[in-house]
1. Considering only residues of the stretch A:183-225 that are of a type in the set (Gly, Ala, Ser) and assigned to a helix (DSSP H, G or I), which is nearest to the other protein chains (Cβ to nearest Cβ)?
2. Taking the stretch B:157-197, which residues are in contact with a His (Cβ under 8 Å, 6 or more places away or on another chain) and either under 28 Å from A:Ala209 (Cβ atoms) or away from every other protein chain (no Cβ under 13 Å) (or both)?
3. Can you find, within the stretch B:7-43, the residue that is farthest from the other protein chains (Cβ to nearest Cβ) among those that are among the hydrophobic types (A, V, I, L, M, F, W, C) and part of a helix (DSSP H, G or I)?
4. Taking the residues in the stretch A:171-182 that are crowded, with 21+ Cβ neighbours inside 10 Å and assigned to a loop (DSSP other than H, G, I, E, B) as candidates, determine which candidate is farthest from the other protein chains (Cβ to nearest Cβ).
5. Going through A:Ala26, A:Ala84 one at a time, which residue ends up being surrounded by fewer than 18 Cβ atoms within 10 Å (Cβ to Cβ) and either touching a strand residue (DSSP E or B) at 6+ places or on another chain (Cβ under 9 Å) or modelled with pLDDT of 95 or more (or both)?
6. Take the residues of the stretch B:114-130 that are facing another protein chain (nearest Cβ under 10 Å) and either polar (S, T, N, Q) or touching an Asp or Glu at 6+ places or on another chain (Cβ under 6 Å) (or both): which is most open to solvent (accessible area, probe 1.4 Å)?
7. Those residues that are open to solvent by 20 Å² or more (accessible area, probe 1.4 Å) and polar (S, T, N, Q), I need them from the stretch A:393-424; list them, please.
8. How many of the residues in the stretch B:294-308 are of a type in the set (Asp, Glu) and in a helix (DSSP H, G or I)?
Amino acid sequence: MNLLIKNGRIVDPVNHVDQVADLLIADGKVRQIAQEIPVTPDAEAIDATGQWVVPGLIDVHTHLREPGFEYKETIRTGTMAAAAGGFTTICCMPNTKPVNDSQAVTEFILRKAATEGMVNVLPVGAITKGCQGEEITEMGDLREAGCIAVSDDGRPVMNSAVMRRAMEYASMFHLPVISHCEDTNLAEEGVMNEGRVSTELGLRGIPNASEDVMAARDIELAALTNAHLHIAHVSTQGSVELIRRAKEEGIRVTAETCPHYLVLTDEAVTGYNTNTKIKPPLRTLKDVEAVRKGLREGVIDVIATDHAPHAQVEKEMEFDSAPFGITGLETAVAIALQLVDEGVLTVNEMVLKMSGKPAKLLNIDRGHLSVGAVADITVIDPRATWVVDPPQLKSRGKNTPFEGWKMKGRVTHTIVGGKVVYKG
Amino acid sequence: MELKRKDLLDIKGLDQEEIQLILDTAESFKEVTGREIKKVPTLRGKTVVNLFFEPSTRTRTSFEIAAKRLSADVINFSVSGSSVSKGETLLDTARNIEAMRADFIIIRHPASGAPHILARNLRSSVINAGDGLHEHPTQALLDMFTIRERKGKIEGLTVAIIGDIAHSRVARSNIYGLTRMGARVRVAGPPALIPAEVETLGVSVFYDMEEALSGADVIMVLRIQLERQGKNYFPTLREFARLYCLTQERAGHAKGDAMIMHPGPVNRGIEISPEVADGLSSVILEQVTNGVAVRMAVLYLLSGSGEI
Amino acid sequence: MSEKVIMDPLGIGRALSRISHEIIERNKGTEGLVLVGIRTCGIHLARRISEKIKEIEKSEVPVGILDITLYRDDLLTKKGHPAVRKTDIPFDLVGTVVVLVDDVLYTGRTIRAAMDELMDFGRPAMIQLAVLIDRGHRELPIRADYVGKGVPTSKTAVIKVLLSEEGTEDRVILRED
């Protein structure tokens with residue numbers, strides 16, 4: 001069955017397309033984009049009047065938790081959440097149990113994703129065995145099994161020499177090295193941003209410097225090794241400036257930030273809501289403004305979710321004991337649209353940072369709607385309003401800081417390889 | 001005027017009138033504690049649970065005496081370790097206690113914000129008896145009571161708080177309370193023990209102790225936790241004492257009638273010298289006495305909130 | 001709604017004089033006698049009675065102050081607690097004859113609380129009760145030994161005792177709906 005998306009605003013920044021038109025999908029590929037494509041009996045029509053038809057969104061930073069933490073999330077529920085959030089491709093981080101540091105784990109994930117997944121899953125392999133920061137993984141094997149990048153997300157490689165060797169080795173396989181920039185010694189036992197609010201709440205602080213010094217180190221190592229460094233979840237003014245300078249100097253660095261670093265500050269922690277406990281922590285308004293500016297000016301290439309589901313029982317703890325992480329797949333589009341509404345990004349920039357740019361960074365042929373391209377497509381109603389109600393989220397993790405927020409903009413259709421996998 | 005709240009979680013959320021009310025009420029209760037029979041029937045039939053996740057004989061006993069003098073039944077629960085190590089969540093523990101019909105839960109917990117979890121989820125009145133590095137509201141109330149009793153007022157006084165400000169819930173509660181009541185508050189200690197951006201709470205920061213003490217009406221010395229050694233907040237207790245121990249000579253920089261306070265227990269010779277701790281200006285034992293009256297006042301006022 | 005003055009300054013003065021005489025007569029002098037006023041009006045009345053007794057007998061009868069708030073029986077059922085103020089009994093009660101003084105005797109619950117509190121301060125030889133107004137509707141087996149004026153009232157009526165110590169003219173007002 002073919003699919004015909006009628007009358008939507010087609011936004012395809014890679015091809016510089018932004019027009020109201022019809023889009024025909026046949027055999028899982030984009031067949032034709034034109035005004036008034038007639039409805040035929042062999043095509044199911046989707047009326048997209050007033051909606052945006054964009055390349056399927058790509059999240060370069062997701063935690064699917066399987067294997068090992070199925071009580072938090074599974075490949076099934078995580079990809080359902082992705083589909084509901086408009087993501088057609090997601091990259092799952094390796095901090096599972098066991099860690100994805102071998103072909104066996106990568107293959108397990110891909111097999112599960114093929115049978116139970118709703119969207120494309122691209123595994124990120126570990127930089128070091130067990131994410132222990134000591135011995136680098138067999139990245140050749142990982143690449144061959146299907147890993148598209150390496151990262152020790154959540155447990156940064158503290159030893160600079162190990163990081164150097166990892167970058168050198170990864171560059172041989174054209175694997176981007178995704179760095180969670182955090183000096184864990186500086187972060188100590190911190191649970192939130194260090195500043196006025198941490199002082200008021202009596203919570204141990206994590207200074208901006210813990211992110212900045214690692215961003216600086218990794219940028220220097222990227223310069224040294226000529227590896228592709230991708231800096232994950234940028235949260236500070238300092239690291240934005242470091243990345244800006246590195247890019248000006250021609251160092252191979254890309255960067256992502258997450259919706260929450262664009263709309264929340266450490267004030268959100270007041271009241272000890274553990275669904276605001278994340279790493280890096282929510283920072284101050286000054287940082288939010290710098291990250292927004294960096295995003296607008298292209299210093300930050302990508303909006304990623306860092307979707308990190310946890311079980312309710314884990315988050316119902318004392319703030320100090322609760323795990324770091326919040327979910328994000330199902331709220332990302334609405335938050336990104338808020339930025340469009342506030343004039344931080346244009347519609348085209350938003351779409352580019354959530355599809356074209358991530359595809360480019362991962363070296364995959366996705367993120368555009370050229371004729372003949374795989375039909376991974378997201379349809380968004382930018383005017384639909386809804387309220388975030390955690391029990392209604394598809395993700396097993398209900399740990400969103402946006403509970404009760406009135407959102408504008410919602411995914412109506414998510415299409416993967418020409419098949420509708422989600423209908424809002 | 002009455003206290004319109006179910007819980008006492010922090011001083012930050014109290015306005016001037018509420019603090020005034022608690023202190024005034026505590027004055028009446030201090031009279032009660034001076035009677036031959038120190039017990040009144042006010043909270044007869046009410047159950048007060050002391051839920052302590054950290055050892056603290058002093059605060060627990062003070063609450064226990066306060067509750068008993070109001071004729072409430074008191075049950076002490078001491079739990080060692082956090083909920084994680086027990087495998088039962090804090091909320092489970094608290095719900096179990098509430099199911100036994102506790103009217104008041106007095107909680108001491110190593111994690112900041114733990115009392116807030118209880119307050120949000122339980123019908124019982126929750127009183128924070130110290131949470132992590134956050135607040136210890138009844139300690140600040142008894143400190144303010146003691147200052148007001150001695151000095152006749154709080155407004156306009158200069159109060160110097162000395163030592164480990166960063167890890168002190170007593171300091172935080174006092175900073176909120178004293179500044180709200182119109183005192184000028186100074187904090188002094190080595191930089192690593194001064195919390196980030198503490199000036200935004202309306203205090204001035206000193207690293208030199210004598211400067212901080214100069215012209216002070218009240219000196220509040222904090223307990224230095226011996227566990228802080230070896231974490232590079234300061235090199236050794238020896239050097240800490242050399243720089244920040246309140247000696248007779250240093251106390252001389254404050255006003256002649258300055259009063260000296262300490263929330264206890266005292267590390268003699270580390271943060272305060274024995275002569276000063278036992279000296280005429282020291283009100284350390286009065287603080288303990290007043291603690292009972294203040295806690296009686298808090299129990300009484302919360303029981304009238306109509307919520308329990 | 002109607003409001004009428006049922007006692008004027010002169011009436012209050014006469015009533016207190018009579019009560020003072022009765023106290024002296026009943027107790028055959030002032031030996032071992034103490035007055036305890038219940039906050040707030042009872043204190044003023046106790047002090048006035050003490051003055052009158054001094055005029056008559058030339059002897060000083062000490063006055064104590066009782067705040068019965070903490071002994072009330074409705075604390076746990078009522079929303080919003082009354083302010084607690086100090087009790088001040090600056091003498092030993094053991095073996096004394098205590099005359100409790102209050103402005104209005106109504107249900108008797110205040111007097112019950114006052115007696116309980118007094119007992120916690122010591123064991124008096126006897127407790128007597130003096131009130132300016134007795135308005136009936138007792139809920140406890142309590143009666144006054146000395147009454148300024150008995151006033152039959154309905155349960156919805158309000159009686160207000162105003163005294164010059166509180167900055168107003170002496171008056172007792174009865175308000176009926």
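1. Per the stated criteria, the residue is A:Ser198.
2. Within the stretch B:157-197, B:Arg169, B:Arg172, B:Leu193 meet the criteria.
3. B:Ile19
4. Step by step, filter the stretch A:171-182, then rank; the result is A:Leu175.
5. The conditions single out A:Ala26.
6. Once the filter is applied, the top-ranked residue is B:Asn121.
7. Residue satisfying the conditions is A:Thr412 alone.
8. Qualifying residue count, the stretch B:294-308: 0.
The values are calculated or read from the model by the stated rules, or taken from the named source; none is laboratory data. The structure displayed is predicted, hence computed values, not measured ones. In this analysis, Cβ positions are derived from the backbone assuming ideal geometry, glycine residues included, and neighbour counts consider all displayed protein chains. SASA here: full protein model, heavy atoms, side chains in, ligands and nucleic acids out. Shrake-Rupley method; radii C 1.70, N 1.55, O 1.52, S 1.80 Å.
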